[in-house]
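Asker: Below is one structure. I have some questions about it.
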Amino acid sequence: MSTTTHSTRLAEVLKPSRAVPILLILFVFSLVLDNGFKFMSPALAESLNLPVNTVSLQATLAGILIGIGAVVYAALADSISIRKLIIFAIILMTIGSIVGFVFQTNFWLILVGRLLQSAGLAAAETLYVIYVTKHFRGDEQKKYLGFSAAAFQLSLLIGAVGSGFIATYIGWAAFFLVALLALLAIPVVLRTVPADATGDSRVDVFGLFLISVFATGLILFMQNFNGWYLLPVVAGLVLFIWHIRTHDNAVITSAFFANAQYSMMIIVVFVTYSVQLGYTFMFSFLISDIYGYNLGEISLLLVPGYVAAVIVGSFTGKIAKYLSSKQAITTALIVIIVALLIPALFVGQWIGIFVISMMLFGMGFALMYGPLVSTAISRVPVENSGIAIGFYNLTINIAVPVGIAYTAALMKLKPELLGGIAGAGEASSYGSVLLILTGVAALGLVLYRVFIMVIERSHKQGVVQE
């Protein structure tokens, strides 16, 4: 009787669904921390008396590390149990947070702390998705993966509001201490996450190093447009192309880029997602400088936008019944363009314009995510879909910090493109930066429509219009 009871309880503990809540909580928690630090950049700039493009390094370089880390954790998960990787990531995140808090008066040590912290944060999203795809199938898998899409938007909301209030009423450095709460998850992880591991792992260290050289050089170039930084950009790109053409164990093979549909959509992803956090990064500076709001008040202005994005993200499945992938992506990109163009022309006027702008902006990206992923991988062989999605997400994680970098550089340059249409001084400068971001989003739309036209001509059955 007791043996049977013990076996039943053991089976309960090892049920895959028991680990989902804690993994999802860590997923949200990690994204909250990362997005929170991106949002509170103005507080760091003011506290340390540093220019915005310097402070942006704690967001941009951390973003690159999260993208690289996600690929590394995905590879290690083949031979090391997810339980061990999660615990290691929590410890690394904690060490980085302590370093950042202790040395809060030295930006470069803060940056070290953020990078260590980000190396831990990178585990959450990747390992959650790997766990779900490994342990669940069919509708149950779709359900748990759907949770991650909604959780992403929720984390943006909590990160912006939470960090805004902490920076305003407690002090920005206190946000480092929030990360220590992750230590409470370790006992739950040990109880609920299975200690399973299968196969051997291969981490293409050299390939990932070349990607990081390319991305870091690109970001540093956009900090002050110093031509010397283009040397590692070109060298990293050339060596990476050589590497994937000559090594079978590369992080991604040249065969992926022979797939025209995947390659074209990767370009669209890079261009479009560079705008996403570029605008969010600038938003807090703009509202503070033009309207005089503090970070706590600014964070509340973002709430309707994130709520709208969560709602749209939750209904993308139903929307797909009425809009094809091409129609949904085109609509989403148009909404994003409008979301940037309207505030560009009305900086300094009614603050509600920016609330509406952020609602449209979030809804556009939420509507675009699913159909764009589906379009990119629709002609990728099933056995290669995992690495294809991994490189897709890596592209986003490089595009986001690049977008923050060029937005910060533009803010420093203070361009004047509108000839007084958006007011004078700072209002005109911010309006001009928004207009440039609008142009980047419009480029994404043009590229997408041109690429889709090329793809449709080469595939008579129109595979992208599922």
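Just so you know, all these numbers are worked out from the coordinates, no wet-lab data involved. Keep in mind that what you see is a predicted model, and the values were worked out from it rather than measured. Virtual Cβ from ideal backbone geometry, glycine too; neighbours counted across all protein chains shown.
Asker: Please label the shape of the stretch 206-337 as rounded, prolate or oblate, based on the square roots a ≥ b ≥ c of the eigenvalues of the alpha-carbon gyration tensor (a/c under 1.5 means rounded; beyond that, a/b larger than b/c means prolate, else oblate).
Answerer: Verdict is oblate for the stretch 206-337.
Asker: Still on this structure, I have one more. Which of the pairs Lys15/Lys84; Lys326/Lys412; Lys38/Lys412; Lys134/Lys318 have their Cα atoms more than 29 Å apart in this structure? Don't skip to the answer; put the middle values down first.
Answerer: On the way: Lys15/Lys84 18 Å; Lys326/Lys412 37 Å; Lys38/Lys412 17 Å; Lys134/Lys318 26 Å.
Among Lys15/Lys84; Lys326/Lys412; Lys38/Lys412; Lys134/Lys318, the Cα-Cα distance tops 29 Å for Lys326/Lys412.
Asker: Something else now. Go through (1) -0.67; (2) -0.95; (3) -0.59 and flag the label whose value is the computed log10 I(q)/I(0) by the Debye sum over Cα atoms at q = 0.09 Å⁻¹ for this structure.
Answerer: Only one option fits the structure, namely (3).
Asker: Find out how many positive minus negative residues lie around Asp34, taking Lys and Arg as positive, Asp and Glu as negative, among other residues whose Cβ is under 15 Å from that of Asp34.
Answerer: So the surrounding residues net to +1.
Asker: Then there's this: Sum -39500 (n - 2.57) across every DSSP H segment of at least 4 residues in the chain, then divide by the residue count to get the 222 nm mean residue ellipticity, nearest 500.
Answerer: -26500 deg cm²/dmol
Asker: Where does each of Tyr293, Tyr128 land when they are ranked from fewest to most other beta-carbon atoms within 10 angstrom?
Answerer: Fewest-to-most ranking of Tyr293, Tyr128: Tyr293, Tyr128.
Asker: Starting from the 7 Å offset along Cα-to-Cβ, what nm value, one decimal, do you get for the label separation of Glu46 and Tyr169?
Answerer: 1.6 nm
Asker: Next up: Return Ile452, Ile219, Ile22, Ile170 ranked ascending by Cβ neighbour count within 10 Å, so the fewest neighbours appear first.
Answerer: If I rank by nearby Cβ atoms, fewest first, I get Ile170, Ile22, Ile452, Ile219.
Asker: Using the 10 angstrom Cβ neighbour count as an exposure proxy, how do Arg379, Arg83, Arg114, Arg245 rank, fewest first?
Answerer: Fewest to most other Cβ atoms nearby, the residues stand as Arg245, Arg379, Arg83, Arg114.
Asker: Tell me, what ³J(HN,Hα) does each residue in the stretch 264-281 have, in order and in whole Hz, if you take phi through Karplus 6.51 cos²θ - 1.76 cosθ + 1.60 with θ = phi - 60° and put x for Gly and Pro?
Answerer: 5, 5, 4, 5, 4, 4, 4, 5, 5, 6, 5, 7, 3, 8, x, 5, 4, 4
Asker: Say the dipole of the stretch 10-201 comes from +1 at the beta carbon of Lys and Arg and -1 at that of Asp and Glu; which of Ile82, Ala195, Ala179 then lies farthest toward its positive end?
Answerer: Ala195
Asker: Something else: Given charges of +1 on the Cβ of Lys and Arg and -1 on the Cβ of Asp and Glu, with all other atoms neutral, how large is the dipole of the chain about its Cα centre, in debye to the nearest 20?
Answerer: So the magnitude is around 780 debye.
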